[in-house]
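Encoded as structure tokens, the structure appears first; notes follow it.
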Amino acid sequence: MSKPETGGSAGPALDGTTAHAPSVDPWKGLRGIMAGTLFLEAIVIGLVLTVIARLDDGAHFQSWKVWFVSLLAVAMIAAAGLQRRPWAIPMNIVLATLAVIPGWIVHWSMGVCGLMFAAVWAYILYLRYDLSRRIAGGYLPSQHD
């Protein structure tokens, strides 16, 4: 069985012709979407620091929270450049999980931001599944040129 990232072999197309591997890399666009999403998530997570500093006169602004949020934002920026790696998707899921579950401990606003981005990541994973299915079925236009 072939990996979805390599294109692999494609089956017959709708018109009865046999499709070949895509002539352009369809995964490149998806990797760009994932990198952009990580970068935007890092910006939003970093802005959580201003929220917890201003709410309740800074009662939630503690040093461990500042470190956690800062390191998570830096890790997301670094991960945005690592989307070609085979372990990029599990890394993205771990980073998104760290924004949700410990995010509620840091502040509820970070947990809400994490949930919104979790929905975005769920949709990106659906797009990845759909793209691999279309490649396997030979439905991409670049498989028929």
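The values are calculated or read from the model by the stated rules, or taken from the named source; none is laboratory data. Just so it is clear, the model here is predicted, and its values are computed rather than measured. Don't worry about glycine lacking a Cβ; one is built from the backbone with ideal geometry, like all the others, and counts go over all protein chains shown. The protein model used for the area step is the full one, side chains on, heavy atoms only, and it has no ligands, DNA or RNA in it. Shrake-Rupley method; radii C 1.70, N 1.55, O 1.52, S 1.80 Å.
Looking across region 31-69, the residues that are within 27 Å of A119 (Cβ to Cβ), in a helix (DSSP H, G or I) and not hydrophobic (A, V, I, L, M, F, W, C) come down to R31, G32, G36, T37, E41, G46, T50, R54, K65. Here P86 fulfils each of the conditions (1) out of contact with any Asp or Glu (no Cβ under 9 Å at 6 or more places or on another chain); (2) open to solvent by 30 Å² or more (accessible area, probe 1.4 Å) apart from (1). Consider A80 carefully, then state whether it is at pLDDT 95 or above, within 30 Å of P26 (Cβ to Cβ), touching a Phe, Trp or Tyr at 6+ places or on another chain (Cβ under 8 Å) and open to solvent by less than 40 Å² (accessible area, probe 1.4 Å). Answer is yes for this residue. Any residue at all in region 50-62 that is of a type in the set (K, R) and either loosely packed, with under 12 Cβ neighbours inside 10 Å or touching a Leu at 6+ places or on another chain (Cβ under 8 Å) (or both)? Within region 50-62, one or more residues are of a type in the set (K, R) and either loosely packed, with under 12 Cβ neighbours inside 10 Å or touching a Leu at 6+ places or on another chain (Cβ under 8 Å) (or both). Tallying residues that are assigned to a helix (DSSP H, G or I) and either at pLDDT 95 or above or surrounded by fewer than 16 Cβ atoms within 10 Å (Cβ to Cβ) (or both) within region 15-30 yields 2.
Within the set of pairs 6 or more residues apart or between chains, which connect a residue that is more than 17 Å from G103 (Cα to Cα) inside region 58-87 to a residue that is open to solvent by 90 Å² or more (accessible area, probe 1.4 Å) and at pLDDT below 95 with Cβ atoms less than 9 Å apart? That search, which allows pairs on different chains as well, returns P86/K3.
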